[in-house]
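Okay, so here's the structure we're looking at.
Rule-based calculations on the coordinates, nothing more; no lab input. Note that this is a predicted model, so its numbers are computed, not measured. When we count neighbours, we look across all protein chains shown, and the Cβ atoms used for this are built from the backbone with ideal geometry, even at glycine.
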Amino acid sequence: MITFTEVSALAVAVEIIVTVFKQRAPGMTLDRIPLFVWAMLVMSFLIIFAMPAVMVASTMLILDRLVGTHFFNPAEGGDSLLWQHLFWFFGHPEVYIIFIPATGMVSSIIAAFARRPVFGQLPLILSLIAVGFLSFGLWVHHMFTTGLPQLGASFFTASSMLIAVPNGIQIFCWLATLWDGKPVFKTPLLFVLGFFFIFVIGGLSGVMVASVPIDTQVHDTYFVVAHFHYVLIGGAVFPLIGAIYFWFPKITGRMLSEHLGKWNFWLAFVGFNVAFFPMHILGLQGMPRRVYTYLPEMGWGPLNLLSSAGALILFVSFVLLLLNVVTSLSRGRLAGDNPWDAGTLEWATTSPPAPYNFSRIPFVTHREPLWDNRESLPVVTGLSVDSRELISGTLTEAYPELRESTPEPSIWPLLAAIAVAASFVASIFTPWAIVWGSIPVAIAFTGWFWPKGAPEDEK
Amino acid sequence: MTISDATAHDDVRDTSLSDAELHTRLTRTWRTGSSWIERLSSVDHKVVGRRYIITAFVFLCLGGLSAVAMRLQLARPEAKLLGPDLYNQLFTMHGTTMMFLFAVPVMEAFAVYLVPLMVGTRNIAFPRLNAFSYWVFLFGGVFLWVSFMLKIGPDAGWFAYVPSPARNTRRENASMSGPR
């Protein structure tokens, strides 16, 4: 299963990088790329460097089990710690694979609702990249209790604290944007403010567990559970729900209910904190993770009851979100092209966008093109209308170079996925599945890439 | 061929057409058909992105329900709602689902939908690979949850530290699945 999702993530990462590098609209130089796109670009690079580690590790584990290798078996000279190293070399960047795109969502929402471009575009981009690099130097802080040498542990403590610096820069840039702007407190912005509050608490408990003595105390207790739920739910899920309220009109053409949205936010915010804050205290009292129950005399009952009540409130908030989505799909107010009066290009086309995205490719003159050209965007023309073409440009300046044809629909990707899935699943039962499974996979890929005799291919 | 290159073949360019004519012809070129086979063949980043987002949220619901079940079990000391074995499977499924089937895919999903729109292009690069990646993600997620339903779900935590998964026979195979 993990290998499945890794394959799909790697594929998406490659697509995003090439799209951002080569397919930008003319005039969209590097400094005019929206922060959301920068964030997705950094995420894609993290995926490409991190995911292979876990693919290698899971392959070695399967080999241990199916064909009797001993990578992780100390009795035969293997090393069980190797698994933890490989896993967390992927596992820590994984957290930033989730968090960095969320920062992109935050930047988009803040620019639209503070009514001004985000303050400090350059420091924000640089701190995204810095976080991307630093995230590969942190993995051992998941392993402080495995008896590693002291020097190594100190290094990883320092780098774990260091990563708070670029993250702090981002928070201050966003706060400055809100400070200087005229904030409009619609639901997406509320979720972003909730993100600030919760993520900063999670960041602070993160600095605490970055230190070896504290981590040794609270390792495998509910303190750690509280910490990573503050970071992941605060850092990723809150911006994500905000992003749903923000882009739902673009994707469906209809607005989500603002009234239900406010309820959704406050229930989620209160429910989340009631559910997870007590876990800090439970962890300090020594309650271990991953144990299915506890004795009454430990005195953990009341806080656990409170936490469960909070979890139910959080659950209700998600039911409200679902309700809001379902009712708004048919009865929501019509959105129009640009309901929030935002500045980036996705709001220049219709809602929902036509299959061809833009009838004429826009020419970009500014970071927020729609704020720079209030009347109509300048456009680039010259693409064919009867075959699928797009513009391919230079990496830094997005100077148009080529009219590039792009593939027609095809059933072969589905058939290839079925063939790959079948051979993975069968490989649980016998390693020979990989050998025999490669035949249908090869057939599917051959069909996929069969040349169609397009004019371009013949030249 | 460069943009400034004169029309070498008899293809029609968007330069000279009226807005309505342009809309008709571009729609004919780019649309995803309405038959089943055409829908399954779609390579439109918006169609694939929408499927990705919806699928990821279905997995969020499954991961969320497993969290609710665990919180109900932990609400009181010595509760008997879930046994230790089911509890182990649930926290493993919760972590695995939230990390691998919800959080990462949903971020990719938003990228797939929005990045081509934000950079002003007509489709994502390698659109067929994009369709392939969605199907592989869907099958992987369904496979994990089917093995949970069959009561052979993984139970060693989302990070599957050795040696415990190495001892269990078939369970972590479902989680790791497949040498590559």
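Cα centroid separation, the range A:121-175 to the range B:55-123: 25 Å.
The GluC sites (Glu not before Pro) of the range A:371-459 that meet both conditions, a loop assignment by DSSP and at most 16 other Cβ atoms within 10 Å of the site Cβ, are A:Glu375, A:Glu397. Other residues lying with their Cβ under 12 Å from the Cβ of A:Met279 contribute a combined charge of +2, Lys and Arg counting +1, Asp and Glu -1. Our summary of shape: the Cα atoms of the range A:355-459 have principal axis extents of 63, 34, 26 Å, ordered from largest down, in whole angstrom.
Look at the dipole of chain A built from charges on Cβ: of A:Asn338, A:Thr394, A:Phe238, the Cα furthest out on the positive end belongs to A:Asn338.
A Förster radius of 30 Å combined with the Cβ-Cβ distance from A:Ala354 to A:Glu401 puts the calculated FRET efficiency at roughly 0.75.
Along the charge dipole of the range A:2-331, which of A:Gly132, A:Gly202, A:Val118 sits closest to the positive end, that is, farthest toward it, with unit charges on the beta carbon of Lys, Arg, Asp and Glu (+1, +1, -1, -1)? Selected residue: A:Val118. Between the alpha-carbon centres of the range A:289-303 and the range A:233-285 there is a gap of 28 Å. Given +1 at the Cβ of Lys and Arg, -1 at the Cβ of Asp and Glu and no other charges, the dipole of the protein assembly as shown around its Cα centre is 1300 debye to the nearest 20.
Our note on the geometry: Cα centres of the range A:27-45 and the range A:363-427, 15 Å apart. B:Val47 sits among other residues whose Cβ lies under 11 Å from its own Cβ, and their net charge, with Lys and Arg +1 and Asp and Glu -1, is +3. Do you know the relative contact order of chain A, to the nearest whole percent, from alpha carbon pairs under 8 angstrom that are 6+ apart? After rounding, I find 17 percent.
Across the range A:416-458, Cα pairs under 8 Å and at least six residues apart give a relative contact order of 37 percent. Applying the Karplus relation 6.51 cos²θ - 1.76 cosθ + 1.60 with θ = phi - 60° to the range A:333-338 yields 3J(HN,Hα) values of 5, 5, 8, x, 5, 9 Hz, where x marks Gly and Pro.
Of the DSSP H helices in chain A, those with a Cα length along their own long axis of 27 Å or more and a mean Kyte-Doolittle hydropathy reaching 0.0 comprise A:2-22, A:35-66, A:80-114, A:187-209, A:258-284, A:301-331. Report the one residue of B:Ile37, A:Phe45, A:Phe363 whose Cα lies farthest in the direction of the positive end of the charge dipole of the protein assembly as shown (charges on C-beta: Lys and Arg +1, Asp and Glu -1; origin at the Cα centre). Result: B:Ile37.
Note that chain A shows a convex hull volume over its alpha carbon atoms of 187 Å³ per residue.
When +1 charges are put on Lys and Arg Cβ atoms and -1 charges on Asp and Glu Cβ atoms, the dipole computed for the range A:159-296 relative to its Cα centre reaches about 400 debye.
Given their separation in residues at 0.36 nm each and the Cα-Cα distance between them, A:Phe172 and A:Leu148 gain 5.1 nm when the chain is fully extended.
When only alpha carbons of the range A:416-458 are considered, Rg and Dmax amount to 14.1, 47 Å.
Normalising the average separation of contacting C-alpha pairs (under 8 angstrom, six or more residues apart) by the number of residues puts the relative contact order of the range A:131-236 at 32 percent.
Over all directions, the projected convex hull of the C-alpha atoms in the range A:112-227 averages 7.9 nm² in area. Across the range A:298-409, the fraction of Cα-Cα pairs farther apart than 24 Å, rounded to a whole number, is 54%.
Listed by Cβ neighbour count within 10 Å, with the fewest neighbours leading, B:Asp155, B:Asp85 appear as B:Asp85, B:Asp155. Calculated mean residue ellipticity at 222 nm for chain A: -21000 deg cm²/dmol, from DSSP H runs with n ≥ 4 weighted as -39500 (n - 2.57), summed, divided by the residue count and rounded to 500.
Our Cα-only numbers for the range A:282-328 put the radius of gyration and Dmax at 15.7, 49 Å.
Direction-averaged projected area, Cα convex hull, the range A:21-130: 9.3 nm², rounded to one decimal.
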